[in-house]
1. Being within 20 Å of residue 12 (Cβ to Cβ), touching a helix residue (DSSP H, G or I) at 6+ places or on another chain (Cβ under 7 Å) and either modelled with pLDDT of 95 or more or outside any helix (DSSP H, G or I) (or both), is that true of even one residue in the range 62-72?
2. If you scan the range 30-44, which residues turn out to be part of a helix (DSSP H, G or I) and touching a helix residue (DSSP H, G or I) at 6+ places or on another chain (Cβ under 6 Å)?
3. Return the only residue of 25, 62 being surrounded by 16 or more Cβ atoms within 10 Å (Cβ to Cβ) and under 15 Å from residue 88 (Cβ atoms).
4. For the range 20-29, which residues satisfy the criterion of being without any contact (Cβ under 8 Å) to a residue 24 or more places away in the chain and either under 16 Å from residue 62 (Cβ atoms) or assigned to a loop (DSSP other than H, G, I, E, B) (or both)?
5. Name the residue that is nearest to residue 21 (Cα to Cα), counting only residues in the range 31-40 that are surrounded by fewer than 20 Cβ atoms within 10 Å (Cβ to Cβ) and in contact (Cβ under 8 Å) with a residue 12 or more places away in the chain.
6. Which of (1) surrounded by fewer than 11 Cβ atoms within 10 Å (Cβ to Cβ); (2) closer than 20 Å to residue 37 by Cβ; (3) at pLDDT below 90 does residue 126 not meet, given it meets every other one?
7. Determine which member of the set 73, 67 is under 17 Å from residue 100 (Cβ atoms) and in contact (Cβ under 8 Å) with a residue 12 or more places away in the chain.
8. Filter the range 83-95 down to the residues that are over 12 Å from residue 54 (Cα atoms) and surrounded by 11 or more Cβ atoms within 10 Å (Cβ to Cβ) and list them by number.
């Protein structure tokens, strides 16, 4: 198998191809899930910014049907943060979600069943 940089020159892996390779999805399933979060399934990964890459990672994480998911929106711009939190709220379902952020002014409106715990910067506490 040629080195990864050579494979990228010959054929740039798309968002759908990455999900197929790493999550054992069918092409149709990968394309449907990507379109649902407004990511072009045929977009080369190397050309995607932080927001669509976050969506791809979230799809991959949810594919294994976890009991709980710890996530952050690092690498997303402000609109991407809001889009990511909307997608997470819609798709977590019965999966427990823990959102980590260092930006206290994100402006999250948490659902009635959730809680926001603010830990001041530089303040280390053990949370049970």
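1. No: the range 62-72 contains no residue that is within 20 Å of residue 12 (Cβ to Cβ), touching a helix residue (DSSP H, G or I) at 6+ places or on another chain (Cβ under 7 Å) and either modelled with pLDDT of 95 or more or outside any helix (DSSP H, G or I) (or both).
2. Within the range 30-44, 30, 31, 33, 34 meet the criteria.
3. 62
4. Within the range 20-29, 20, 24, 26, 29 meet the criteria.
5. Step one: of the range 31-40, the residues surrounded by fewer than 20 Cβ atoms within 10 Å (Cβ to Cβ) are 32, 35-38, 40.
Subsequent filtering for residues that are in contact (Cβ under 8 Å) with a residue 12 or more places away in the chain retains 37-38, 40.
Values: 37: 19, 38: 20, 40: 17 Å.
Checking each candidate, the answer is 40.
6. Condition (2) is where residue 126 drops out.
7. Working: 67 fails: under 17 Å from residue 100 (Cβ atoms).
Among 73, 67, only 73 is under 17 Å from residue 100 (Cβ atoms) and in contact (Cβ under 8 Å) with a residue 12 or more places away in the chain.
8. 86, 89, 91, 92, 95
The values are calculated or read from the model by the stated rules, or taken from the named source; none is laboratory data. Just so we're clear, the structure is a prediction, and the values are computed from it rather than from any experiment. Cβ atoms come from the backbone with ideal geometry, glycine included; neighbour counts cover every protein chain shown.
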